[in-house]
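Chemist: First the structure, which I've put down as structure tokens, then a few questions once you've had a look.
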Amino acid sequence: MNNIIKTCLLVCLVWISNAQSIFAELTVNNTTEIIKRLKEQAIEPNKIYFQYDFNNFINKDDSYPQKNLFSSLTALESKPDMHSLAIQNISEITLNENYQYSDVLERDRNIIEILYPTDLFQLLDDGVYFYIFNEHNQLIKKDTFAEVFELPCYVRVEKKNGMVVSIQKRPLRSITHYTYDYWTNNNIKRAILEMYDNHHQVIYFDEVFFDEAGRRVKGAEKNINTGNTVIYSYIRQDGIERIEEYFDAKGIKTNHVTYYEKSHRPENKRLNEKGEIIEITQQRPADIFDFQKDLDESVPYNTLIMDIEKSDGTLTRALFKRVFESDMTLWDHEAINRAKFLGIKPKQVYYHKLPFPAFLDERYKNFPHQMPLTLIEAENQTPQTEYSELIKVEISDNYQYKKIIKEKWQQSPISLPVEQFKSLENGLSFFVMDESGKLSELSSVEQAIELPRYIRIEKVMGKIVSILQKTYIQRLITEFEYNGNEQIGSKLFTFNRDVMPDLIIETTYEKGNYVPLSQIIKNGEHTTIRTFMHHKDDDMFGIIEKFSNQGVKTNHIEVSQNGAVKNQYLGADGKVLNITDSFDDENNQGSYDDLLFYSDDFEMVRLSSF
């Protein structure tokens, strides 16, 4: 038995040894191939080249450039997948004598589509053009990409087929400088990372040291603006992986953090100014630098208006989440200017594009960001679907939605003799059919949408291509109340054609906070059937109370801050009959049973329920 075990161990060791040798050989061969390819491309050490999408590294294998290097910026500006990611990443790189990265200056830019008058560009030929603003805030055209490559921001204009198809601003989001030193075996010896602001001043510093085997030994980070520092060392013995020590701007140690090899949770000792332990937690301290924050855009580029419909979702979602910031003045100002650019005015009524952008996820506050439609355009947006929506909005004095009216219509193709429509002009025509089947032409689409049912006929190049009967199903009306630019209340009214019960939902909000303070739901007879009240104490999040359609209280539900539910079922006399830990009520379910919702959430449930 022992011989068998020894034999197995020997085979295993031989396999591991061979595998390591094969891996080392593959690595050497791969490195040799990379260097050979670089030499064939006439790439030389200690010269500056350019590269897309550089990634920092800690392994020797990644220290040789595997992506193409360019000697000129000319062809680098228009990489196709750069636009799909909405990020331009171009680095200046220098290689050492061993063809390893030694110095890298990486520039990351956001690619933001903007709304800007096109008059200035009408005389341009098809192509891509670069502009900057001068001291008088006038756009000045530059001849080459190289002239704008290092600037904090520039404007890019593209024309195709005589039309301006894109106007972008490309502000720097980060500037990062990497320098690398190596041991004689080509493993990394030291790596330095510096992050700069738009004035090329260092705002963050990180230095890491490695042993000759390529393992990290120690390092330090510093936020230059705050003065906060982290110093760390890798122990790798007695079960300890590494130790981090945090210091404030005065050099006083604030945290002593130990990371263990067999645990994902650190031991974080918080210290007072005397170095005494005041708390021990398993949560690592917050980063001393915010790596997610982009560099500030310079004036006047920060006043250019994002085209939300054309810009990447990563950028627009970040904009929509600005509603949670303490100061939203800049974003409110941009939203108002966006509405003005689109021709939207207060106290006016407009028809809206589909799909309607959802609150928080797809729009900034209640500001419109889409070009208004004519009624005929809005009525014919989704002719191929079974159901269509017609949305009309009224604009408040603050350029936000004052009222949103959403109508749901069922669309059914029908067959009618087409000979009777020979005299119709190309386009859309509207008819009403009486009980005997007789058709009467309506004078306008305005007249059609006031009816519970009408017929729409589309004619293209003298041929009837579509005959649809449209039937009104339901209407939802949301009215908003504001204090300045902050929403403080809303009312949602639902009107249905015998499909669901009518409801009224009244919600109040604390200024600057989009969690409802209170909410009352009433049925079509204006009887309260559910209430919600938000609590601000440490334990209780809110209380929900449910009522029957006759106004008799049936449930008292307490929701804690951690999400725990205490659902008390009440009898007619108000006494507790049963207690559960769930919202679900099999005897009294409704589409409003969730804890709370924004009006958009409820509308989505109602409008998608057919």
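Chemist: Does residue 43 satisfy being touching a strand residue (DSSP E or B) at 6+ places or on another chain (Cβ under 7 Å), open to solvent by 30 Å² or more (accessible area, probe 1.4 Å), in contact (Cβ under 8 Å) with a residue 24 or more places away in the chain and β-branched (Val, Ile, Thr)? Show your work before the answer.
Modeler: On the way: touching a strand residue (DSSP E or B) at 6+ places or on another chain (Cβ under 7 Å): yes; open to solvent by 30 Å² or more (accessible area, probe 1.4 Å): no; in contact (Cβ under 8 Å) with a residue 24 or more places away in the chain: yes; β-branched (Val, Ile, Thr): yes.
Here the answer is no, as residue 43 does not meet what is asked.
Chemist: Looking for whichever is small (Gly, Ala, Ser), in contact (Cβ under 8 Å) with a residue 24 or more places away in the chain and surrounded by fewer than 18 Cβ atoms within 10 Å (Cβ to Cβ) here; the options are 443, 415, 429. Which one fits? Before the answer, list the steps.
Modeler: On the way: 443 fails: in contact (Cβ under 8 Å) with a residue 24 or more places away in the chain; 429 fails: surrounded by fewer than 18 Cβ atoms within 10 Å (Cβ to Cβ).
Selected residue: 415, the only one of 443, 415, 429 that is small (Gly, Ala, Ser), in contact (Cβ under 8 Å) with a residue 24 or more places away in the chain and surrounded by fewer than 18 Cβ atoms within 10 Å (Cβ to Cβ).
Chemist: Further question: Among the residues of the stretch 314-334, are any open to solvent by 40 Å² or more (accessible area, probe 1.4 Å) and either at positive phi or touching a Cys at 6+ places or on another chain (Cβ under 7 Å) (or both)?
Modeler: Within the stretch 314-334 (the criterion being open to solvent by 40 Å² or more (accessible area, probe 1.4 Å) and either at positive phi or touching a Cys at 6+ places or on another chain (Cβ under 7 Å) (or both)), the answer is no, since none of the residues qualifies.
Chemist: Do we find that residue 474 is within 30 Å of residue 427 (Cβ to Cβ), touching a helix residue (DSSP H, G or I) at 6+ places or on another chain (Cβ under 8 Å), of a type outside the set (Lys, Arg) and in contact (Cβ under 8 Å) with a residue 24 or more places away in the chain in this structure?
Modeler: On the way: within 30 Å of residue 427 (Cβ to Cβ): yes; touching a helix residue (DSSP H, G or I) at 6+ places or on another chain (Cβ under 8 Å): yes; of a type outside the set (Lys, Arg): yes; in contact (Cβ under 8 Å) with a residue 24 or more places away in the chain: yes.
Against the criterion (within 30 Å of residue 427 (Cβ to Cβ), touching a helix residue (DSSP H, G or I) at 6+ places or on another chain (Cβ under 8 Å), of a type outside the set (Lys, Arg) and in contact (Cβ under 8 Å) with a residue 24 or more places away in the chain), residue 474 qualifies.
Chemist: Restricting the search to the stretch 449-462, which residues are touching a residue at least 24 places away in the same chain (Cβ under 8 Å) and either under 20 Å from residue 409 (Cα atoms) or open to solvent by 40 Å² or more (accessible area, probe 1.4 Å) (or both)? Walk me through it before giving the result.
Modeler: Pass one, the stretch 449-462, residues touching a residue at least 24 places away in the same chain (Cβ under 8 Å): 449, 452, 454-462.
Within the stretch 449-462, 449, 452, 454, 455, 456, 457, 458, 460, 461, 462 qualify.
Chemist: Moving on. Output the residues belonging to the stretch 497-519 that are open to solvent by 30 Å² or more (accessible area, probe 1.4 Å) and either among the aromatic types (Phe, Trp, Tyr) or assigned to a strand (DSSP E or B) (or both).
Modeler: Filtering the stretch 497-519 down to residues open to solvent by 30 Å² or more (accessible area, probe 1.4 Å) leaves 497-502, 506, 508, 510-513, 515, 517.
506, 508, 517, listed by residue number.
Chemist: Something else now. Please go through (1) part of a loop (DSSP other than H, G, I, E, B); (2) of a type in the set (A, V, I, L, M); (3) farther than 22 Å from residue 386 by Cβ for residue 477 and return the number of the only condition it doesn't satisfy.
Modeler: (1)
Chemist: All but one of (1) surrounded by 17 or more Cβ atoms within 10 Å (Cβ to Cβ); (2) under 28 Å from residue 524 (Cα atoms); (3) of a type in the set (Asp, Glu) hold for residue 486; which doesn't?
Modeler: (2)
Chemist: If you don't mind, another one. Quick one: residue 238 ticks every box in (1) modelled with pLDDT under 95; (2) surrounded by 15 or more Cβ atoms within 10 Å (Cβ to Cβ) except a single one, so which number is it?
Modeler: (2)
Chemist: Which of the residues that make up the stretch 25-48 are within 40 Å of the chain's Cα centre (by Cα) and at pLDDT below 90?
Modeler: Answer for the stretch 25-48, where residues must be within 40 Å of the chain's Cα centre (by Cα) and at pLDDT below 90: 27, 30, 31.
Chemist: Name the residue, out of 87, 114, that is in contact (Cβ under 8 Å) with a residue 12 or more places away in the chain, open to solvent by less than 30 Å² (accessible area, probe 1.4 Å) and among the hydrophobic types (A, V, I, L, M, F, W, C).
Modeler: Working: 87 fails: open to solvent by less than 30 Å² (accessible area, probe 1.4 Å).
Only one candidate qualifies: 114.
Chemist: Right, here's the next one. For the stretch 362-378, give me the residue count where each residue is open to solvent by 10 Å² or more (accessible area, probe 1.4 Å), at pLDDT 95 or above and part of a loop (DSSP other than H, G, I, E, B).
Modeler: 5
Chemist: I would also like to ask the following. Hey, among 258, 226, which residue is at pLDDT 95 or above and assigned to a strand (DSSP E or B)? Lay out the reasoning, then the answer.
Modeler: Details: 226 fails: assigned to a strand (DSSP E or B).
The unique qualifying residue is 258.
Chemist: Hey, another quick one. If I ask for residues that are over 23 Å from residue 517 (Cα atoms), of a type outside the set (A, V, I, L, M) and open to solvent by 50 Å² or more (accessible area, probe 1.4 Å), which ones from the stretch 559-573 would you list? Before you say what the answer is, go through the steps one by one.
Modeler: Restricting attention to the stretch 559-573, the residues satisfying the condition of being over 23 Å from residue 517 (Cα atoms) are 569-573.
Those left that are additionally of a type outside the set (A, V, I, L, M): 569, 571, 573.
Of everything in the stretch 559-573, just one residue is over 23 Å from residue 517 (Cα atoms), of a type outside the set (A, V, I, L, M) and open to solvent by 50 Å² or more (accessible area, probe 1.4 Å), namely 573.
Chemist: Let me ask you something else. Exactly one condition in (1) part of a helix (DSSP H, G or I); (2) under 29 Å from residue 118 (Cα atoms) is not met by residue 323; state its number.
Modeler: (2)
Chemist: Restricting attention to the stretch 139-157, which residues are under 16 Å from residue 75 (Cβ atoms) and either open to solvent by less than 10 Å² (accessible area, probe 1.4 Å) or in contact (Cβ under 8 Å) with a residue 60 or more places away in the chain (or both)?
Modeler: Within the stretch 139-157, 144, 145, 146, 148, 149, 156 qualify.
Chemist: Let me ask you something else. For the stretch 393-408, how many residues are over 18 Å from residue 345 (Cα atoms) and either without any contact (Cβ under 8 Å) to a residue 60 or more places away in the chain or buried (at least 20 other Cβ atoms within 10 Å of the Cβ) (or both)?
Modeler: Applying the first criterion (over 18 Å from residue 345 (Cα atoms)) to the stretch 393-408 yields 406-408.
Subsequent filtering for residues that are either without any contact (Cβ under 8 Å) to a residue 60 or more places away in the chain or buried (at least 20 other Cβ atoms within 10 Å of the Cβ) (or both) retains 406, 408.
Result for the stretch 393-408: 2.
Chemist: Follow-up. Select from the stretch 265-297 the residues that are outside any loop (DSSP other than H, G, I, E, B) and either of a type in the set (Val, Ile, Thr) or open to solvent by 90 Å² or more (accessible area, probe 1.4 Å) (or both) and write down the one among them that is farthest from residue 318 (Cα to Cα).
Modeler: Filtering the stretch 265-297 for residues outside any loop (DSSP other than H, G, I, E, B) gives 267-271, 277-281.
Add one more test, that the residue is either of a type in the set (Val, Ile, Thr) or open to solvent by 90 Å² or more (accessible area, probe 1.4 Å) (or both), and what stays is 270, 277-278, 280-281.
Numbers: 270: 33, 277: 39, 278: 37, 280: 34, 281: 31 Å.
Per the criteria, the residue is 277.
Chemist: Identify, please: which residue in the stretch 210-235 is of a type in the set (Ser, Thr, Tyr) and in contact (Cβ under 8 Å) with a residue 24 or more places away in the chain and is, among those, most open to solvent (accessible area, probe 1.4 Å)?
Modeler: 226
Chemist: Tell me which residues, restricted to the stretch 165-192, are touching a residue at least 24 places away in the same chain (Cβ under 8 Å), surrounded by fewer than 18 Cβ atoms within 10 Å (Cβ to Cβ) and among the hydrophobic types (A, V, I, L, M, F, W, C).
Modeler: 183
Chemist: Limited to the stretch 95-132, what total is found for residues that are within 17 Å of residue 300 (Cβ to Cβ) and not in a loop (DSSP other than H, G, I, E, B)?
Modeler: First pass over the stretch 95-132, keeping only residues within 17 Å of residue 300 (Cβ to Cβ): 110, 112, 114-117, 120, 130-132.
Filter once more, so that each one left must be not in a loop (DSSP other than H, G, I, E, B): 110, 112, 114-115, 120, 130-132.
Result for the stretch 95-132: 8.
Chemist: Here's a check for you: in the stretch 523-558, which residue that is closer than 24 Å to residue 573 by Cβ and among the basic types (Lys, Arg) is surrounded by the fewest Cβ atoms within 10 Å (Cβ to Cβ)?
Modeler: Top of the filtered list is 553.
Chemist: Give me a count of the residues in the stretch 379-402 that are among the aromatic types (Phe, Trp, Tyr), modelled with pLDDT of 95 or more and touching a strand residue (DSSP E or B) at 6+ places or on another chain (Cβ under 8 Å). Please lay out each step first, then the result.
Modeler: Start the filter on the stretch 379-402 by keeping residues that are among the aromatic types (Phe, Trp, Tyr), which leaves 387, 399, 401.
If we keep only those that are modelled with pLDDT of 95 or more as well, we get 399, 401.
Keeping just the survivors that are touching a strand residue (DSSP E or B) at 6+ places or on another chain (Cβ under 8 Å) gives 401.
Residues flagged as among the aromatic types (Phe, Trp, Tyr), modelled with pLDDT of 95 or more and touching a strand residue (DSSP E or B) at 6+ places or on another chain (Cβ under 8 Å) within the stretch 379-402 amount to 1.
Chemist: Taking residue 135 and the conditions (1) open to solvent by less than 30 Å² (accessible area, probe 1.4 Å); (2) part of a loop (DSSP other than H, G, I, E, B), which numbered condition does it fall short on, given that it satisfies the others?
Modeler: The single condition residue 135 does not satisfy is (1).
Chemist: Can you find, within the stretch 241-257, the residue that is most open to solvent (accessible area, probe 1.4 Å) among those that are within 15 Å of residue 286 (Cα to Cα) and of a type outside the set (A, V, I, L, M, F, W, C)? Give the steps one after another, and end with the answer.
Modeler: In the first step, residues of the stretch 241-257 are kept if they are within 15 Å of residue 286 (Cα to Cα); the result is 244-248, 253-257.
Subsequent filtering for residues that are of a type outside the set (A, V, I, L, M, F, W, C) retains 244-246, 248, 253-256.
Details: 244: 12, 245: 47, 246: 16, 248: 46, 253: 66, 254: 43, 255: 20, 256: 47 Å².
Checking each candidate, the answer is 253.
Chemist: Still on this structure: Quickly run through the stretch 380-390 and pick out the residues that are within 30 Å of the chain's Cα centre (by Cα) and charged (D, E, K, R).
Modeler: 389
Chemist: Output the residues belonging to the stretch 240-291 that are hydrophobic (A, V, I, L, M, F, W, C) and farther than 19 Å from residue 224 by Cβ.
Modeler: Taking the stretch 240-291 and keeping what is hydrophobic (A, V, I, L, M, F, W, C), we get 240, 243, 247, 249, 252, 257, 271, 277-278, 280, 286, 288-289, 291.
Listed by number, the residues that qualify are 240, 243, 257, 271, 277, 278, 280.
The values are calculated or read from the model by the stated rules, or taken from the named source; none is laboratory data. Given the structure is predicted, the values throughout are model-derived calculations rather than measurements. Every residue, glycine as well, gets a Cβ built from its backbone with ideal geometry; the counts of neighbours run over all protein chains shown. Areas reflect the complete protein model, heavy atoms only, side chains present, ligands, DNA and RNA absent. Shrake-Rupley method; radii C 1.70, N 1.55, O 1.52, S 1.80 Å.
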